1. State the number of residues belonging to the stretch 40-54 that are modelled with pLDDT under 95 and farther than 17 Å from Y111 by Cβ.
2. Of L79, L61, which residue is among the hydrophobic types (A, V, I, L, M, F, W, C) and free of Cβ contacts under 8 Å to residues at least 40 places away in the same chain?
3. Can you tell me which condition F123 does not meet? The list is (1) farther than 23 Å from T2 by Cβ; (2) aromatic (F, W, Y); (3) modelled with pLDDT under 90, and all the others hold.
4. Identify, by number, the condition in (1) over 11 Å from the mean Cα position of the chain (by Cα); (2) surrounded by 15 or more Cβ atoms within 10 Å (Cβ to Cβ); (3) not charged (D, E, K, R) that G71 doesn't meet.
5. Please specify each residue of the stretch 94-116 satisfying the condition of being surrounded by 14 or more Cβ atoms within 10 Å (Cβ to Cβ), out of contact with any Ser or Thr (no Cβ under 6 Å at 6 or more places or on another chain) and without any contact (Cβ under 8 Å) to a residue 40 or more places away in the chain.
6. Can you tell me which residue within the stretch 103-117, out of those that are touching a Phe, Trp or Tyr at 6+ places or on another chain (Cβ under 7 Å) and in a strand (DSSP E or B), is farthest from W52 (Cα to Cα)?
Amino acid sequence: MTAQIKEVLIFQGETFAMASEPLYPWLNRRRNKKIQFRRYSTACSRGYVGTWEIIDDRLDLIKLRGKFMDGREVEISDLFPERPSPVLADWFDGELRCPMGQLLGYVHSGYSSIYERDLFLKFKAGMLIEQRIVINESPPSAEECEKLMLACIDPKLKP
């Protein structure tokens with residue numbers, strides 16, 4: 001899978017690119033509605049980009065960009081006609097990952113690239129319950145990988 005366009009998160013006055021898709025669990029539970037988005041790029045296989053905001057510990061969907069299969073622009077009210085905007089993501093239980101800092105290692109797949117830090121935000125029913133930052137290490141170079149592989153083949157060779 002191609003590296004994916006990230007969703008947007010506004011948190012504590014900063015804008016982050018998310019390596020997560022908080023709308024996915026809601027869409028997955030509603031597959032019988034046949035909600036399908038037009039995929040405009042292999043870099044956005046889900047067919048939409050959501051903008052989210054955390055205010056007072058609530059994860060809210062505030063904007064949605066994309067098109068339905070018939071070419072119509074997606075509006076939040078198309079998915080949530082009974083709810084006023086912004087929409088509390090009360091279906092979301094889990095962690096969101098927001099990469100931060102410089103890119104340390106590009107991976108041409110989903111959200112697998114490695115950045116200097118990751119901000120993890122944990123939610124229960126759309127409410128923020130925990131946050132943490134993880135400092136990441138640079139992935140090994142091709143030369144380091146080769147040395148480690150050789151050491152596995154012949155233990156006498158030290159990396």
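The values are calculated or read from the model by the stated rules, or taken from the named source; none is laboratory data. Not measured: the values here are computed from a predicted model. We place every Cβ from the backbone using ideal geometry, glycine too, and count neighbours over all the protein chains shown.
1. Total meeting the criteria: 1.
2. Exactly one of L79, L61 is among the hydrophobic types (A, V, I, L, M, F, W, C) and free of Cβ contacts under 8 Å to residues at least 40 places away in the same chain, namely L61.
3. Only one criterion in (1) farther than 23 Å from T2 by Cβ; (2) aromatic (F, W, Y); (3) modelled with pLDDT under 90 is unmet by F123, namely (3).
4. (2)
5. G105, I114, Y115, E116
6. Looking at residues that are touching a Phe, Trp or Tyr at 6+ places or on another chain (Cβ under 7 Å) and in a strand (DSSP E or B), I get L104.
Rundown of residues vs (1) surrounded by 14 or more Cβ atoms within 10 Å (Cβ to Cβ); (2) outside any loop (DSSP other than H, G, I, E, B), yes/no style:
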| site | (1), (2) |
| --- | --- |
| F16 | yes, yes |
| W26 | yes, yes |
| R46 | yes, no |
| W52 | yes, yes |
| D60 | yes, yes |
| G66 | yes, yes |
| D78 | no, yes |
| P81 | no, no |
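Yes/no per residue for (1) of a type in the set (D, E); (2) under 21 Å from E130 (Cβ atoms):
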{"residue": "E7", "(1), (2)": "yes, yes"}
{"residue": "Q12", "(1), (2)": "no, yes"}
{"residue": "F16", "(1), (2)": "no, yes"}
{"residue": "W26", "(1), (2)": "no, no"}
{"residue": "R46", "(1), (2)": "no, no"}
{"residue": "L59", "(1), (2)": "no, yes"}
{"residue": "K67", "(1), (2)": "no, no"}
{"residue": "R72", "(1), (2)": "no, no"}
{"residue": "L79", "(1), (2)": "no, no"}
